[in-house]
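See below for the structure under consideration.
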Amino acid sequence: MADENYNNGEVITQVRQQIALANAQEMLSKMTEKCFRKCISRPGKALDGSEQRCITQCMDRFLDTWNLVSRTYGNRLEREQNAMQSENALN
């Protein structure tokens, strides 16, 4: 029984890691697509100074927004989980 719980814990950990990796890959893909469309008007051999600044600012804003949304969502999930636990404790 203890081995089964340990294996379940390992599986859950691996699934969470895979989800985190998939989320990071999706974020990178979306950020690249969005910032490229916004900042690169004529693709060429190199980025000029204004394109580099635009890409940097776009990526910074995208990551800041992603982090804010992630924190807010995590806090919401935590509040809902605490509310459910409190409700279950009353029953």
Name the single residue, out of those in the range 21-47 being in contact (Cβ under 8 Å) with a residue 24 or more places away in the chain and aliphatic (A, V, I, L, M), that is farthest from Met59 (Cα to Cα).
Met27
Is the range 18-28 home to any residue that is of a type in the set (A, V, I, L, M, F, W, C), surrounded by fewer than 10 Cβ atoms within 10 Å (Cβ to Cβ) and either at pLDDT below 90 or in a helix (DSSP H, G or I) (or both)?
no
Those residues of the range 41-77 that are in a loop (DSSP other than H, G, I, E, B) and either surrounded by 13 or more Cβ atoms within 10 Å (Cβ to Cβ) or of a type in the set (D, E, K, R) (or both) come to a total of 4
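The values are calculated or read from the model by the stated rules, or taken from the named source; none is laboratory data. In this text the structure is predicted, and so the values were computed from the model without any measurement. When we count neighbours, we look across all protein chains shown, and the Cβ atoms used for this are built from the backbone with ideal geometry, even at glycine.
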